[in-house]
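Some notes on the structure that comes next.
The values are calculated or read from the model by the stated rules, or taken from the named source; none is laboratory data. Not measured: the values here are computed from a predicted model. No Cβ is skipped: glycine too gets one built from the backbone with ideal geometry, and neighbour counts run over all protein chains shown. The area values use the complete protein model at the heavy-atom level, side chains included, leaving out ligands, DNA and RNA. Shrake-Rupley method; radii C 1.70, N 1.55, O 1.52, S 1.80 Å.
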Amino acid sequence: MSDPLRDGTGLAWIAGHTWAYPALESVHLVGVALLVGNLVAFELRVWGRVADLPVRALARLSLAVALTGFAVAALSGTLMFASQPGELLANRAFLVKMGLLLLAGTNAALFHARDGLRKLDGWARAQTALSTGLWIAVIICGRWIAYQ
């Protein structure tokens, strides 16, 4: 039995379809916008902006929408990857993007593991600044994939 990811028969039709790949890219960008937009809104609050907004209430809303955005981006990204795995695995920008995603996820896990939401200390501000930088770099690498 053949392996669709190895022999290229899996979802390769997506990459060549008139509208399937562009539609997936659009869905992917909407997911990224929901994710990063909400994280930045939350991170601005951690940095002291709009101090009259309760941190925990904003975190519940922002992080829930950000996780939804992540799920949308991850699902659409997985489908795009499955349509051309060989090309993407050979693409330096894609590999850097995946590494940055791993770092962003690790940073978020550490933020929550140390209860940064409750502390809102200098370390929490540093982690949110790092988060913003990582996600900007992920977006830049995502755009560069097409030009490698």
**OP:** Grab the Cα-Cα distance for Ala74 and Leu61, subtract it from 0.36 nm times how many residues apart they are, and report the gain in nm with one decimal.
**Re:** 2.7 nm
**OP:** Give me Rg over Rh for region 54-126, both radii from the alpha carbons and Rh done the Kirkwood way, two decimal places.
**Re:** 1.09
Subject >> Per residue, in Å², the accessible surface of region 27-148 once ligands and nucleic acids are set aside, probe 1.4 Å >> reply: 56 Å²
Original post:
Over the chain, what lengths in whole Å, largest first, do the semi-axes of the equivalent ellipsoid take, defined as the square roots of 5 times the eigenvalues of the alpha-carbon gyration tensor?
Top reply: 34, 15, 13
**OP:** Find the eigenvalues of the gyration tensor of the Cα atoms of region 44-85, then list the square roots of 5 times those eigenvalues as equivalent ellipsoid semi-axes, largest first, in whole angstrom.
**Re:** 33, 10, 5
Original post:
Can you pull the accessible area of Phe81 for me, 1.4 Å probe, Å² to the nearest 10?
Top reply: 60 Å²
Subject >> Rg/Rg_ref, region 61-101, where Rg_ref = 2.2 N^0.38 Å and atoms are Cα >> reply: 1.36
**OP:** Determine which residues of region 57-73 fall in the zone a paramagnetic label at Ala15 would reach in this model, i.e. backbone nitrogen under 15 Å from the point 7 Å along Cα→Cβ.
**Re:** none
Subject >> Label zone at Trp144, where the point sits 7 Å out along the Cα-to-Cβ direction: region 78-93 residues whose backbone N lies under 16 Å >> reply: 88-93
Original post:
Among residues other than Leu79 whose Cβ falls under 15 Å from its Cβ, what is the net charge (Lys/Arg +1, Asp/Glu -1)?
Top reply: -2
Subject >> Order by protection proxy (mean Cβ within 10 Å, highest first), peptides 56-64, 38-46, 129-137 >> reply: 38-46, 129-137, 56-64
